[in-house]
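Participant: I have a structure I would like to understand better, so I am pasting it below and will then ask my questions one at a time.
The values are calculated or read from the model by the stated rules, or taken from the named source; none is laboratory data. Here the structure is a predicted model, which is why all the values come from computation and not from measurement. Every residue, glycine among them, receives a Cβ derived from its backbone with ideal geometry; neighbour counts consider all protein chains shown. When the accessible area is computed, the model is the full protein with side chains, heavy atoms only, and any ligands, DNA or RNA have been set aside. Shrake-Rupley method; radii C 1.70, N 1.55, O 1.52, S 1.80 Å.
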Amino acid sequence: MTTAADWGHAAELDDVNGEVAIVGIGETDYTKASGRTAAQIGAEAAERAIADAGLEPRDVDGLTFSGAFADFGVAEFHAHFGTDHDMWSSPWGGGMAWAGTAPYLAAGAIARGEARHVLNVFPVAWATQRSSMTGGPGEVHAQQSLKQNLEVPFGFFPQPVYFASIMRRHMLEFGTTREQFGAVAITLREHANRTPSAVFRDKTLSLEQYLGAPMLADPLCLYDSCPISDGGAAYVTTSLERARDLARVPAVVRGVGEGYSGSGGHWAQQRAFTSTPQVFSTPGAFAMAGITNDDVDVLTCYDPFTIVSLMQVEDMGFCAKGESGPFAESGALRFDSGRLPYNTHGGLLSHAYVLGIAHVIECVKQLRGVAGAQVPECEVAVYGGYTGHMASTLVLTRS
Amino acid sequence: MAITRDDFPLPDVHDPLTAPFFAAAARDALEIPRCTACGTYVWYPAPTCPECGSGEIEWVAVSGRATLFTWVIVQRAFLPAFESMVPFVTALVALDEDPAVRLCTYLVDVADPAVLTANAPVHVEFRDLTFATVPGRSVRVPMFAVGAAS
Ligand SMILES: [Zn+2]
């Protein structure tokens, strides 16, 4: 029997509850192949976030970005804005799980006096790059030698196959049905239909369409899987004290968590096969914030596949392990359910595959009361980030 | 950076970490690395034992009996090499010696995937792995078939 202690752990984080807030958000258009570079997309997102915060580019003296996809770093910032001031920076920001932990890094830099206004930015242009087969989610994996020798030759590749195997095991262990996975896809599509920025704002999805869709990797069908997109977003974090002087309602950082599984990026060898490291990340974030699951008004989670949504909803404690299928089918994830409004912008599945950065933006919009599928009186919004071996949890509140 | 090895997606049988796996398969043997200090199977292969840290690891023969942990019927060809193969069944099988050791493998001779069941007994069958995109090359690998060993 695998116990929690066997397969992962939480990172030890300092208490940053109430120290910083997100005061500016910026998004580019989210599209299919745009012909733009990630650096151009990142610059536009940065510009808009800085303007939304009511700041000038020279006020931004901290930058967090993705070291793995270093498309918009300090050099690109200065080149775009024509600035040359000193900037604190960290390559441990950007999207995916790090979209949830970047505010923690900002809190540290601000507390140490190394920065006042920290921009986190994440652009992606995989839809454009895919036509030339450079970059993209599968290629990164195919280069790892263990996958190249023990997985790819056996057809266990790429991500749709990994997650189809987890989906199958969830169905076998817990009786989860295709209709229940379909409920996730359809709910998120309905949210996208209410969100003007969503790639799928004009395309509806019915259960009949879901069940009749082509299988990519049975049991995973077309609508269980997110499309590839171009787009990016950015947000500005500053001290709560400074935030009170700025124009926007601050989205206050109340809790941050970070959890890891022991098997790295090898999904085939995950000890707790149908679980995510949210098991380790969420408790610390909720404890730091002083909240329980019942306090959460909106949840957004990194959702490349329907199964990743269901696993995280379970692992974050919103329902018992194995119960997420019936939970989703009951309508609990709908924005107007009064239960657990989930990925209210449409998520990676139906909003845009920009790797989680838009999920954090959606949390801020919900707290400001300006989301497309707005949840009434949203006071607490939570982001669950996921990158396979790592999960993050970010708790934001309205003031 | 693209993969330049001209026999991809055949395994690289010279990669030191996994070469013994394919050398054993060439003899129709299934071997898994095991820590000689504490007896843990070290899977995936690693230079040191994740349990006790020992670097004394030897490849040992296992029975080839396993259970079907999960499977996927791949219908979209995610690589050009798979285009002439789809649909096929890729699976994770859990070894009888230690179910924590899961092999990625092909499930072969599956007449009807609808009858596959969780944790069904499976056994190893050695086959030559070939891809239409890598003409004239093959690597002997362990695949698995449903049922107790023959
Ligand atoms: Zn050992």
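Participant: Determine whether the range A:137-148 contains at least one residue that is open to solvent by less than 20 Å² (accessible area, probe 1.4 Å), under 21 Å from A:ALA332 (Cα atoms) and within 9 Å of another protein chain (Cβ to nearest Cβ).
Facilitator: No: zero hits.
Participant: For the condition under 23 Å from A:VAL20 (Cβ atoms), under 17 Å from the mean Cα position of the chain (by Cα) and more than 14 Å from every other protein chain (Cβ to nearest Cβ), what is the one hit in A:VAL256, A:VAL279, A:VAL249?
Facilitator: A:VAL256
Participant: Using the structure shown, decide if B:VAL101 is within 16 Å of the ligand (Cβ to nearest atom), under 15 Å from the mean Cα position of the chain (by Cα) and touching a residue at least 60 places away in the same chain (Cβ under 8 Å).
Facilitator: Working: within 16 Å of the ligand (Cβ to nearest atom): yes; under 15 Å from the mean Cα position of the chain (by Cα): yes; touching a residue at least 60 places away in the same chain (Cβ under 8 Å): yes.
For B:VAL101, the condition - within 16 Å of the ligand (Cβ to nearest atom), under 15 Å from the mean Cα position of the chain (by Cα) and touching a residue at least 60 places away in the same chain (Cβ under 8 Å) - is met.
Participant: Still on this structure, I have one more. Here are some residues: B:THR117, B:THR133. Which one is polar (S, T, N, Q), within 11 Å of chain A (Cβ to nearest Cβ) and not in a strand (DSSP E or B)?
Facilitator: On the way: B:THR133 fails: within 11 Å of chain A (Cβ to nearest Cβ).
Matching residue, one of B:THR117, B:THR133: B:THR117.
Participant: Mind checking which pairs have a first residue in the range B:39-61 that is in contact (Cβ under 8 Å) with a residue 12 or more places away in the chain and open to solvent by 80 Å² or more (accessible area, probe 1.4 Å) and a second that is among the hydrophobic types (A, V, I, L, M, F, W, C) and within 7 Å of the ligand (Cβ to nearest atom), Cβ under 6 Å, 6 or more apart or different chains?
Facilitator: Listed by first residue and then by second, the contacts come to B:GLU51/B:CYS38; B:GLU56/B:ALA37.
Participant: Return the pair list, or none, for Cβ contacts closer than 6 Å from residues in the range A:372-384 that are closer than 14 Å to A:ILE361 by Cα to residues that are buried (at least 18 other Cβ atoms within 10 Å of the Cβ) and among the aromatic types (Phe, Trp, Tyr), at least 6 apart or on different chains.
Facilitator: So the pair list comes out as A:ALA373/A:PHE335.
Participant: Any residue in the range B:113-125 that is in contact (Cβ under 8 Å) with a residue 60 or more places away in the chain and surrounded by 15 or more Cβ atoms within 10 Å (Cβ to Cβ)?
Facilitator: Restricting attention to the range B:113-125, the residues satisfying the condition of being in contact (Cβ under 8 Å) with a residue 60 or more places away in the chain are B:124.
Those still in the list that are surrounded by 15 or more Cβ atoms within 10 Å (Cβ to Cβ) too: B:124.
Yes: the range B:113-125 contains one or more residues that are in contact (Cβ under 8 Å) with a residue 60 or more places away in the chain and surrounded by 15 or more Cβ atoms within 10 Å (Cβ to Cβ).
Participant: Another question, then. In the range B:126-141, what residues are surrounded by 13 or more Cβ atoms within 10 Å (Cβ to Cβ) and either within 15 Å of B:PHE69 (Cβ to Cβ) or hydrophobic (A, V, I, L, M, F, W, C) (or both)?
Facilitator: B:PHE126, B:LEU129, B:PHE131, B:VAL134, B:VAL139, B:VAL141
Participant: Search the range B:100-112 for residues being among the aliphatic types (A, V, I, L, M) and under 22 Å from A:GLN270 (Cα atoms), and hand back the single one that is most open to solvent (accessible area, probe 1.4 Å). Let's see the steps before the verdict.
Facilitator: Just the residues of the range B:100-112 that are among the aliphatic types (A, V, I, L, M), to begin with: B:100-101, B:103, B:107-108, B:110-111.
Add one more test, that the residue is under 22 Å from A:GLN270 (Cα atoms), and what stays is B:100-101, B:103, B:107.
Details: B:ALA100: 38, B:VAL101: 4, B:LEU103: 5, B:LEU107: 12 Å².
By that ranking, first place goes to B:ALA100.
Participant: Filter the range A:161-185 down to the residues that are crowded, with 21+ Cβ neighbours inside 10 Å, more than 7 Å from chain B (Cβ to nearest Cβ) and not polar (S, T, N, Q) and list them by number.
Facilitator: Step one: list which residues in the range A:161-185 are crowded, with 21+ Cβ neighbours inside 10 Å, which gives A:161-168, A:170, A:176, A:180-185.
This time we only want the ones that are more than 7 Å from chain B (Cβ to nearest Cβ), so: A:162-163, A:166-167, A:170, A:176, A:180-185.
Scanning the range A:161-185 gives A:TYR162, A:PHE163, A:ILE166, A:MET167, A:HIS170, A:PHE181, A:GLY182, A:ALA183, A:VAL184, A:ALA185.
Participant: Just to be sure I understand, how many residues within the range B:70-92 are more than 7 Å from chain A (Cβ to nearest Cβ), open to solvent by 10 Å² or more (accessible area, probe 1.4 Å) and not in a loop (DSSP other than H, G, I, E, B)?
Facilitator: Qualifying residue count, the range B:70-92: 2.
Participant: Further question: Inside the range A:358-381, can you point out the residues that are under 15 Å from the mean Cα position of the chain (by Cα) and among the basic types (Lys, Arg)?
Facilitator: Once the filter is applied, which keeps residues that are under 15 Å from the mean Cα position of the chain (by Cα) and among the basic types (Lys, Arg), the range A:358-381 yields only A:LYS365.
Here's the yes/no breakdown for (1) part of a helix (DSSP H, G or I); (2) modelled with pLDDT of 95 or more; (3) over 20 Å from A:ARG169 (Cβ atoms):
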{"residue": "A:VAL360", "(1), (2), (3)": "yes, yes, yes"}
{"residue": "A:PRO376", "(1), (2), (3)": "no, yes, yes"}
{"residue": "A:ALA391", "(1), (2), (3)": "no, yes, no"}
{"residue": "A:LEU396", "(1), (2), (3)": "no, yes, yes"}
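Participant: When you scan the range B:55-69, how many residues do you find that are within 11 Å of chain A (Cβ to nearest Cβ) and more than 16 Å from B:TYR106 (Cα to Cα)?
Facilitator: So in the range B:55-69, the residues within 11 Å of chain A (Cβ to nearest Cβ) come out as B:68-69.
Next, from what is left, pick out any that are more than 16 Å from B:TYR106 (Cα to Cα): none.
Adding up the residues that qualify gives 0.
Participant: Next question. Show me the strands (runs of 3 or more DSSP E) entirely contained within the range A:228-337 in which 2 or more residues are open to solvent by less than 40 Å² (accessible area, probe 1.4 Å) and within 30 Å of A:GLU114 (Cα to Cα). It would help to see each step written out before you state the result.
Facilitator: On the way: elements: A:230-239, A:251-261, A:298-301.
In the range A:228-337, the matching strands (runs of 3 or more DSSP E) lie at A:230-239, A:251-261.
Participant: Only one of these conditions is not met by A:MET167: (1) closer than 18 Å to B:PHE69 by Cα; (2) more than 21 Å from the chain's Cα centre (by Cα); (3) not polar (S, T, N, Q). Which number is it?
Facilitator: For A:MET167, the failing item is (2).
Quick grid of which residues meet (1) touching a residue at least 60 places away in the same chain (Cβ under 8 Å); (2) outside any strand (DSSP E or B); (3) within 17 Å of A:HIS117 (Cβ to Cβ); (4) of a type in the set (A, V, I, L, M):
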| residue | (1), (2), (3), (4) |
| --- | --- |
| A:ALA33 | yes, yes, no, yes |
| A:ARG36 | yes, yes, no, no |
| A:GLU44 | yes, yes, no, no |
| A:GLU47 | no, yes, yes, no |
| A:ALA51 | no, yes, yes, yes |
| A:GLY54 | yes, yes, yes, no |
| A:ASP71 | no, yes, no, no |
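Residue-wise test of (1) away from the ligand (no atom under 16 Å from the Cβ); (2) free of Cβ contacts under 8 Å to residues at least 12 places away in the same chain; (3) buried (at least 17 other Cβ atoms within 10 Å of the Cβ); (4) part of a loop (DSSP other than H, G, I, E, B).
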position: B:ALA23; (1), (2), (3), (4): yes, yes, no, no
position: B:ALA37; (1), (2), (3), (4): no, no, no, yes
position: B:ALA66; (1), (2), (3), (4): yes, no, yes, no
position: B:ALA94; (1), (2), (3), (4): yes, no, yes, no
